[in-house]
1. Being touching a helix residue (DSSP H, G or I) at 6+ places or on another chain (Cβ under 9 Å) and farther than 20 Å from residue 99 by Cα: is that true of residue 60 here?
2. Quick check on residue 23: is it modelled with pLDDT of 90 or more and out of contact with any Lys or Arg (no Cβ under 6 Å at 6 or more places or on another chain)?
Amino acid sequence: MAAKLKKGDTVIVLAGKDKGKEGTISSVDPKSNKAIVEGVNIAIRATRQSQESQGGRIPKAMPIDLSNLAYKDANGKPTRVGFKMDGENKVRFAKTTGDVI
């Protein structure tokens, strides 16, 4: 099945501690059905010091389930994503406005 949400999409969180927040998807894991969204679902992780990086308590974005995310349409509201054929190409579109993504 084609991915309804992809890397680079601006999304709104529908459920959880960060409900209502917006962010951009930085990576998607289709096997576990999760995505990492910048600035959302932040956890503090302790890391050891290495030659490249300073150790300590570092904030890290944790994965969030795709069912808790909705694409942000042109009006700035959450919308579902659908697929349709545009000539010979299969394209994604916003269900609320009908705009091609």
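The values are calculated or read from the model by the stated rules, or taken from the named source; none is laboratory data. All of these numbers come straight from a predicted model, not from anything done at the bench. Every residue, glycine as well, gets a Cβ built from its backbone with ideal geometry; the counts of neighbours run over all protein chains shown.
1. Working: touching a helix residue (DSSP H, G or I) at 6+ places or on another chain (Cβ under 9 Å): no; farther than 20 Å from residue 99 by Cα: yes.
Taking the combined requirement at face value, the residue does not satisfy it.
2. Values: modelled with pLDDT of 90 or more: yes; out of contact with any Lys or Arg (no Cβ under 6 Å at 6 or more places or on another chain): yes.
Considered against the rule, which asks whether it is modelled with pLDDT of 90 or more and out of contact with any Lys or Arg (no Cβ under 6 Å at 6 or more places or on another chain), residue 23 comes out as yes.
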